[in-house]
Amino acid sequence: LMPTELRIVSDDPVDRDGPYLVAPEDLGQLLPDEPEFRVDQLREWLYRKPVTDPEGMVNLPQALRERLSDGLWPFEVEQVQEADGGRTRKWLFRLPDGPAIEAVLMGYKTRTTLCISSQAGCALGCTFCATGQFGFERNLLAGEIVAQVQWAEASLRNQPMPNSPDHVTNIVYMGMGEPLANYRQVRESLRRLIEVKGMGARRITVSTVGVVPGMRKLADEPWQVGLAVSLHAAEDELRSSLIPLNDRHPLAEVEAAAQYFFDTTGRRVSIEWTLMDAVNDTDEQADLLAPIARRLDAHVNLIPMNPTPLTEDRPSSDDQVESFKDRLLALGANATVRTIRGQAIDGACGQLRAAPDGRPGLTSKR
């Protein structure tokens with residue numbers, strides 16, 4: 001049974017007003033008694049130089065700052081965790097109607113990458129992913145997606161990461177949810193980040209497990225964002241056992257859509273491959289994956305599986321990871337192993353499940 005959430009265009013899940021939940025061009029609707037220049041000032045604070053507290057919006061009148069104090073952010077920060085010597089930071093955000101989402105910030109020498117969520121939970125049920133294991137709650141609004149970026153941006157000004165840029169340099173839609181199953185809101189969030197905030201499109205990557213109509217729509221957009229395709233298996237029977245969506249969009253369709261993206265945008269896709277012991281780390285899978293990567297001129301990101309609560313699968317050994325990579329390279333594919341970040345705080349790839357204090361499962365109100 002395919003969930004209705006896979007519709008590329010879906011209805012807004014909630015109907016609320018707030019600075020981030022109103023389109024940047026419509027902010028005046030929230031401030032009908034304020035002159036236009038005040039609206040411009042607020043827009044500048046929201047999208048160009050965000051602050052965690054409206055008191056930091058120093059050129060706005062005190063009365064207006066007080067009005068904004070209770071509704072600036074479309075969520076509450078329920079928990080903050082750090083790992084990797086302070087170079088990985090995870091936020092758990094609680095939405096007013098109950099669901100929780102997570103975002104993970106990773107600092108490197110030359111970049112600071114933020115992994116953001118596009119849904120609360122996920123309906124796709126991939127066996128190796130904690131988010132999918134605990135089910136779907138709702139799509140996020142564009143403003144709820146953008147606000148994750150702006151909260152991280154504002155937080156970095158207050159608490160920079162060690163030896164990393166003091167602002168978000170890269171964004172990956174690789175947190176909770178399938179971005180292309182919430183296409184309309186994800187598209188609007190991209191528009192705001194690129195055209196209003198001024199983020200470089202080539203510094204943003206959207207991930208998908210193979211929502212083919214969304215892949216093709218994304219290719220036709222005016223922005224050169226990146227696309228990461230989570231394959232995890234190179235033949236349909238195994239892939240369907242790991243990713244149920246493969247029954248609807250099998251590998252041949254996913255590869256054709258990835259090729260369309262490359263041909264239309266000129267940007268190579270990346271292939272994400274979570275390595276699971278004796279499941280998809282075999283020579284046979286490498287032999288099937290390499291031709292796909294070569295045909296697409298794609299880069300393969302190999303990700304040793306991170307522990308999740310509801311699966312018996314285990315990560316491949318370090319030796320097997322290297323062996324799989326070496327076989328791909330020998331077959332002419334471009335492949336690297338991704339460094340694991342945030343595993344100690346359940347913030348690594350596939351681990352996000354919105355569970356405060358280490359408790360398993362989604363904890364939102366039903």
Relative to the compact-globule estimate 2.2 N^0.38 Å (N residues), the Cα gyration radius of the chain stands at a ratio of 0.99
Heavy-atom SASA rank of SER69, SER164 (probe 1.4 Å, accessible area, largest first)
SER69, SER164
Return the distance in nm (one decimal) between the two label points of a simple spin-label model at GLU55 and ASP318, each offset 7 Å from Cα along Cα→Cβ.
4.8
In whole µm²/s, the translational diffusion coefficient that Stokes-Einstein assigns to the range 7-139, given a Kirkwood hydrodynamic radius over C-alpha pairs, 37 °C and 0.692 mPa s, equals 190
Put one equal scatterer on each alpha carbon of the range 173-311, apply the Debye formula with no solvent term, and list log10 I(q)/I(0) at q = 0.17 1/Å to two decimals.
-0.93
Among rounded, prolate and oblate, which fits the range 156-205 when a ≥ b ≥ c are the square roots of the eigenvalues of its C-alpha gyration tensor, a/c under 1.5 means rounded, and a/b larger than b/c means prolate?
prolate
Rg(Cα)/(2.2 N^0.38 Å) for the range 168-232, N = residue count
1.03
Could you check the spin-label model distance between GLU78 and ASN163? Points 7 Å from the Cα along Cα→Cβ, value in nm.
3.5
Place the peptides 330-339, 115-124, 88-97 in order of packing, highest mean first, counting for every residue the other Cβ atoms within 10 Å and averaging per peptide.
115-124, 88-97, 330-339
Quick one: which residues, 5+ away or cross-chain, put their amide H under 5 Å from the amide H of ILE271? H built at 1.01 Å from N.
VAL229, HIS299, VAL300, ASN301
Treating cross-link reach as a plain straight distance, find the lysines whose alpha-carbon is under 27 Å from the alpha-carbon of LYS90, omitting any fewer than eight places away in the same chain.
LYS49, LYS109, LYS197, LYS365
Give, in nm to one decimal, the length gained when the segment between ALA252 and ALA278 is fully stretched (0.36 nm per residue of separation minus the Cα-Cα distance).
7.0 nm
Report the extension gain between ALA330 and ARG267 in nm, rounded to one decimal, defined as 0.36 nm multiplied by the number of residues separating them, less their alpha carbon distance.
20.3 nm
Could you list which residues have their amide H under 5 Å from that of MET276, counting only those 5 or more apart in sequence or on another chain, with H placed in the peptide plane?
ASP281, SER316
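More than 11 angstrom separation, counting every C-alpha pair in the range 42-88; what % is that? Don't jump to the answer; show the numbers that get you there.
Values: 781 of 1081 pairs.
In whole percent, the long-distance tail amounts to 72.
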Once phi for every residue in the range 27-44 is put through the Karplus expression 6.51 cos²θ - 1.76 cosθ + 1.60 (θ = phi - 60°), the whole-Hz ³J(HN,Hα) values, with Gly and Pro written as x, are 4, x, 5, 7, 10, x, 9, 9, x, 4, 5, 5, 4, 4, 4, 5, 4, 4
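Within the chain, what whole-number % of the accessible surface is contributed by carbon and sulfur, with the 1.4 Å probe and all protein chains included in the calculation?
47
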Quick one: check the C-alpha center-to-center distance for the range 85-125 versus the range 139-209, whole angstrom.
10
Can you give the calculated 222 nm mean residue ellipticity of the chain, where each DSSP H run of n ≥ 4 adds -39,500 (n - 2.57) and the sum is split over every residue, rounded to the nearest 500 deg cm²/dmol?
-8500 deg cm²/dmol
For the range 159-172, take each phi angle, set θ = phi - 60°, evaluate the Karplus expression 6.51 cos²θ - 1.76 cosθ + 1.60, and give the result in whole Hz per residue in order, putting x for glycine and proline.
9, x, 8, x, 6, 9, x, 8, 8, 6, 9, 9, 10, 10
Using a 1.4 Å probe, what is the accessible area per residue for the chain, in Å²?
41
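The values are calculated or read from the model by the stated rules, or taken from the named source; none is laboratory data. Here the structure is a predicted model, which means the values were calculated and not measured. All Cβ positions, even for glycine, are placed from backbone atoms using ideal geometry, and neighbour counts span all protein chains on display. These area figures cover heavy atoms from the full protein model, side chains too; ligands, DNA and RNA do not enter into them. Shrake-Rupley method; radii C 1.70, N 1.55, O 1.52, S 1.80 Å.
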